[in-house]
1. Checking residue 70 against (1) modelled with pLDDT of 95 or more; (2) outside any helix (DSSP H, G or I); (3) acidic (Asp, Glu), only one condition comes out false. Which one?
2. Working carefully through the options 102, 147, find the one that is open to solvent by 100 Å² or more (accessible area, probe 1.4 Å) and at pLDDT below 95.
3. List the number of the failed condition for residue 114; all other conditions in (1) part of a helix (DSSP H, G or I); (2) out of contact with any Phe, Trp or Tyr (no Cβ under 9 Å at 6 or more places or on another chain); (3) over 20 Å from residue 142 (Cα atoms); (4) at pLDDT 95 or above hold.
4. Condition test on residue 114, is it closer than 30 Å to residue 39 by Cβ and loosely packed, with under 15 Cβ neighbours inside 10 Å?
5. For segment 76-86, how many residues are loosely packed, with under 12 Cβ neighbours inside 10 Å and not acidic (Asp, Glu)?
6. Quick test for you: out of 91, 119, pick the one residue that is of a type in the set (S, T, N, Q) and buried (at least 16 other Cβ atoms within 10 Å of the Cβ).
7. What is the number of the single condition among (1) surrounded by fewer than 16 Cβ atoms within 10 Å (Cβ to Cβ); (2) without any contact (Cβ under 8 Å) to a residue 24 or more places away in the chain that residue 69 does not meet?
8. When segment 92-147 is examined, which residues are found to be among the β-branched types (Val, Ile, Thr) and under 23 Å from the mean Cα position of the chain (by Cα)?
Amino acid sequence: MMKNKSSRAALVVAMTACTLSLTLVPKLAFADHHKDCSTMVGCDKKSCEIKKQITMAKAHGNTNKVAGLETALKGVESNCTNDGLKQDLTTEIAEVKQQIDKYEADLKEAEEESNLDKTYKYQQKLLSENTKLKQLEQELSSLDGSK
């Protein structure tokens, strides 16, 4: 009878260890996925966000995505510079401003034609582009502040 109790105790300990190992691994991956990249800027932020995506892809067993993200991470680590990011953002800001000008002209034309559907459509597009512009300008500003 004593042998039986010790066998049960050993079994309970072994099962508890297995359960803990199965529950801790996903929690660690989950914690890594929630790493805060928002306090970072530039290339560091870009690397952090890719690493988060790699962790999530691994947790979901998506090996193809992991491979692609690891390639992207190597590219960022070897080629990314904050000056290059600033240049890209400046170009993208100019393109968004051009798009805003186009949508403003289209909106004016739609209003002159009293076309409510097109007026609404271009108002929504302008809202979206202006939001995008603000985001890009904030990103550029954070890069300028990280010298």
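1. (2)
2. Numbers: 102 fails: at pLDDT below 95.
Exactly one of 102, 147 is open to solvent by 100 Å² or more (accessible area, probe 1.4 Å) and at pLDDT below 95, namely 147.
3. The failed condition is (1).
4. Against the criterion (closer than 30 Å to residue 39 by Cβ and loosely packed, with under 15 Cβ neighbours inside 10 Å), residue 114 does not qualify.
5. Total satisfying the criteria: 3.
6. On the way: 91 fails: buried (at least 16 other Cβ atoms within 10 Å of the Cβ).
Within the list 91, 119, the selection yields 119.
7. Of the numbered conditions (1) surrounded by fewer than 16 Cβ atoms within 10 Å (Cβ to Cβ); (2) without any contact (Cβ under 8 Å) to a residue 24 or more places away in the chain, the odd one out for residue 69 is (1).
8. From segment 92-147, those among the β-branched types (Val, Ile, Thr) are 93, 96, 100, 119, 131; that's our starting set.
The answer is 93, 96, 131.
The values are calculated or read from the model by the stated rules, or taken from the named source; none is laboratory data. Owing to the predicted nature of the structure, the values given are computational and were not obtained by experimental measurement. Every residue, glycine as well, gets a Cβ built from its backbone with ideal geometry; the counts of neighbours run over all protein chains shown. Note: areas computed on protein heavy atoms with side chains; ligands, DNA, RNA excluded. Shrake-Rupley method; radii C 1.70, N 1.55, O 1.52, S 1.80 Å.
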